[in-house]
Amino acid sequence: MSVVYKDDQEDWLTVCLKYLLFVFNFLFWVGGAAVLGVGVWTLVEKSDYLSLLASSTFAVSAYILILAGSLVVVTGFLGCCAVVREQRSCLSTYFFCLLFIFLIELVAGVLAYVYYQRLSEELKQHLNQTMSENYAQPGREAVTLAVDRLQQDFKCCGSNNSHDWMVSAYISSRLAERRVVPDSCCKTITPLCGQRDHPSNIYKVEGGCITKLEQFLADHLLVIGAVGIGVACLQICGMVFTCCLYRRIKMEPY
């Protein structure tokens with residue numbers, strides 16, 4: 001009687017582990033969709049700003065998240081197959097896939113954290129130089145578009161303030177046509193509106209575009225880190241469940 005009871009208990013534990021893995025896979029798919037969505041959102045939402053950054057760390061973190069989210073779809077399907085078929089080889093493959101994705105997300109999280117720490121310094125050192133030297137210059141159309149969109153979206157003018165444009169290559173050239181700031185600084189854009197540097201006409205924002213762009217990128221990096229950590233913790237639970245089910249199946253007689 002005790003032997004039968006023990007066997008029933010073992011079967012019950014195995015069934016519980018299988019259901020736990022099914023629930024995990026559902027949550028894993030949801031988490032994977034979130035990771036993929038955050039990665040795409042990071043690149044699509046105001047992606048023009050990437051040309052204003054000195055390093056590609058921000059973009060790399062987003063691409064890593066997209067890769068991890070895509071792998072989750074395949075891995076989740078593999079996990080369901082492994083649970084249904086109860087094959088140790090499938091479970092071990094599923095475990096290593098989870099571990100691989102976990103490491104990818106860990107790398108993305110570390111990159112996001114490191115870049116978050118030096119984001120302010122990078123913007124202070126490079127944004128003013130990029131805007132003043134490259135705006136409206138031949139072959140720098142991407143930077144010009146990014147600066148115009150930055151100033152209009154965030155309602156700012158200049159890297160620190162509107163006076164930064166006075167020493168720029170654009171304002172010093174004939175292309176400026178007596179403008180003191182680009183037309184994208186204007187609250188209402190009209191031809192040659194940048195000729196009048198007055199608070200009623202252009203955006204006078206404390207801290208300039210650096211403050212606005214820094215806050216925007218910092219918010220994105222925090223979301224990247226939070227989603228990566230959340231899904232990574234979920235994967236640890238999945239790896240634990242997979243190991244337990246692997247051992248239960250291994251203990252069962254053929």
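The values are calculated or read from the model by the stated rules, or taken from the named source; none is laboratory data. The structure presented is a predicted model; accordingly, all values stated were derived computationally and were not measured. Ideal geometry is used to build each Cβ from the backbone, glycine not excepted, and the neighbour counts take in all protein chains shown. Ligands, DNA and RNA are stripped out before the accessible areas are found, and what is left, the full protein with its side chains, is counted by its heavy atoms. Shrake-Rupley method; radii C 1.70, N 1.55, O 1.52, S 1.80 Å.
Just to be sure I understand, how many residues within region 79-105 are surrounded by fewer than 17 Cβ atoms within 10 Å (Cβ to Cβ), aliphatic (A, V, I, L, M) and within 19 Å of residue 247 (Cβ to Cβ)?
Selection size over region 79-105: 2.
Just name the residue that is nearest to residue 186 (Cα to Cα) out of those in region 133-148 that are in a helix (DSSP H, G or I) and open to solvent by 20 Å² or more (accessible area, probe 1.4 Å). Talk me through it step by step, then tell me what you get.
Restricting attention to region 133-148, the residues satisfying the condition of being in a helix (DSSP H, G or I) are 133-134, 141-148.
Keeping just the survivors that are open to solvent by 20 Å² or more (accessible area, probe 1.4 Å) gives 133-134, 141-142, 144-145, 148.
On the way: 133: 20, 134: 20, 141: 20, 142: 20, 144: 15, 145: 15, 148: 10 Å.
Only one residue fits best here, namely 148.
Of the residues 212, 204, 187, which is within 28 Å of residue 115 (Cβ to Cβ) and of a type in the set (Lys, Arg)? I'd like the intermediate steps shown before the answer.
Numbers: 204 fails: within 28 Å of residue 115 (Cβ to Cβ); 187 fails: within 28 Å of residue 115 (Cβ to Cβ).
Exactly one of 212, 204, 187 is within 28 Å of residue 115 (Cβ to Cβ) and of a type in the set (Lys, Arg), namely 212.
Name the pairs whose Cβ atoms lie under 6 Å apart, with the first residue in region 173-201 and more than 14 Å from residue 163 (Cβ to Cβ), the second part of a loop (DSSP other than H, G, I, E, B) and basic (Lys, Arg), and 6 or more positions between them or separate chains?
Between residues of region 173-201 that are more than 14 Å from residue 163 (Cβ to Cβ) and residues that are part of a loop (DSSP other than H, G, I, E, B) and basic (Lys, Arg), the close pairs are 195/178; 195/179.
Being without any contact (Cβ under 8 Å) to a residue 24 or more places away in the chain, closer than 30 Å to residue 134 by Cβ, in contact with a helix residue (DSSP H, G or I) (Cβ under 8 Å, 6 or more places away or on another chain) and surrounded by fewer than 22 Cβ atoms within 10 Å (Cβ to Cβ) narrows it down to one of 59, 54, so name that one.
Values: 54 fails: without any contact (Cβ under 8 Å) to a residue 24 or more places away in the chain.
Only one candidate passes the filter, namely 59.
Give the number of residues within region 202-213 that are assigned to a loop (DSSP other than H, G, I, E, B) and either modelled with pLDDT of 90 or more or within 16 Å of residue 167 (Cβ to Cβ) (or both). Working first, answer last.
Filtering region 202-213 down to residues assigned to a loop (DSSP other than H, G, I, E, B) leaves 203-207.
Subsequent filtering for residues that are either modelled with pLDDT of 90 or more or within 16 Å of residue 167 (Cβ to Cβ) (or both) retains 203.
Looking only at that region, the number is 1.
Within the set of pairs 6 or more residues apart or between chains, which connect a residue that is farther than 11 Å from residue 26 by Cα inside region 73-87 to a residue that is at pLDDT 75 or above and basic (Lys, Arg) with Cβ atoms less than 8 Å apart?
83/18; 86/18
Regarding region 81-95, can at least one residue be identified that is within 25 Å of the chain's Cα centre (by Cα), assigned to a helix (DSSP H, G or I) and among the aliphatic types (A, V, I, L, M)?
No, that holds for no residue.
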